[in-house]
1. Taking segment 1-59 on its own, how many of its residues are among the acidic types (Asp, Glu), touching a residue at least 40 places away in the same chain (Cβ under 8 Å) and closer than 16 Å to TYR70 by Cβ?
2. What are the residues in segment 1-44 that are among the aromatic types (Phe, Trp, Tyr) and outside any helix (DSSP H, G or I), if any?
Amino acid sequence: VLPQFIGKQQQVPPNYSAKNVNGVRAYRLARKGEEFMLPAKEVEVFSFDLVAQTDENTFEFTIECSSGTYIRSLARDLGKAVGSSAIMSYLCREKSGIFTLENSRTEEEILAEQENFISYLIPMEEALSALPKRVLNSDEQIILNGIGIPTDVRGKQRVYLSDGTLVGIGECDEEGLLKIKTRLL
């Protein structure tokens with residue numbers, strides 16, 4: 001059944017998620033036992049491979065997927081596809097954007113090699129390179145005062161002053177306005 005999960009698909013996030021339902025986090029409603037339905041959203045699964053079967057009902061998979069994919073939902077949907085139920089007991093994210101588990105360092109490793117500490121740092125430009133770039137003109141600098149500015153780009157954006165200074169990370173709200181969510185300047 002794994003091949004049916006490859007490609008673009010509509011996925012319903014798990015009720016125990018940080019999605020908002022009328023301004024309230026879904027997990028808060030779920031903990032109260034309230035019934036609600038989260039809307040499906042498009043995600044893409046590039047690969048979904050069985051790695052091992054560790055006992056009769058326990059399996060290990062590797063999945064490569066788009067940002068925003070809920071692996072818990074994939075487990076739930078896989079269980080339904082085989083006429084059963086399924087839970088996820090372990091998750092290890094090996095890559096997110098430019099960050100990989102292979103290139104990560106433990107606190108102990110960093111402390112043991114303090115003289116190389118700077119070499120472990122990733123420049124902010126590189127760390128945020130997956131986000132679209134928005135350079136503010138002089139009229140748009142009102143965003144620095146908490147006022148949203150119109151944008152056609154959905155999701156998060158790197159926000160810069162016209163002189164190239166990185167201001168922070170902005171996000172488009174429901175009205176199509178870009179607002180600074182994480183200020184770096």
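Bear in mind these aren't lab numbers, they're just calculated from the coordinates by the rules spelled out. Remember, predicted model here, so these are calculated numbers, not experimental data. Glycine also receives a Cβ, built like all others from the backbone with ideal geometry; neighbour counts cover every protein chain displayed.
1. The initial filter retains those residues of segment 1-59 that are among the acidic types (Asp, Glu), namely 34-35, 42, 44, 49, 55-56.
Still in the list and also touching a residue at least 40 places away in the same chain (Cβ under 8 Å): 49.
From the residues that got through so far, the ones that are closer than 16 Å to TYR70 by Cβ too are none.
Counting residues in segment 1-59 that are among the acidic types (Asp, Glu), touching a residue at least 40 places away in the same chain (Cβ under 8 Å) and closer than 16 Å to TYR70 by Cβ gives 0.
2. So in segment 1-44, the residues among the aromatic types (Phe, Trp, Tyr) come out as 5, 16, 27, 36.
Those that are among the aromatic types (Phe, Trp, Tyr) and outside any helix (DSSP H, G or I): TYR16, PHE36.
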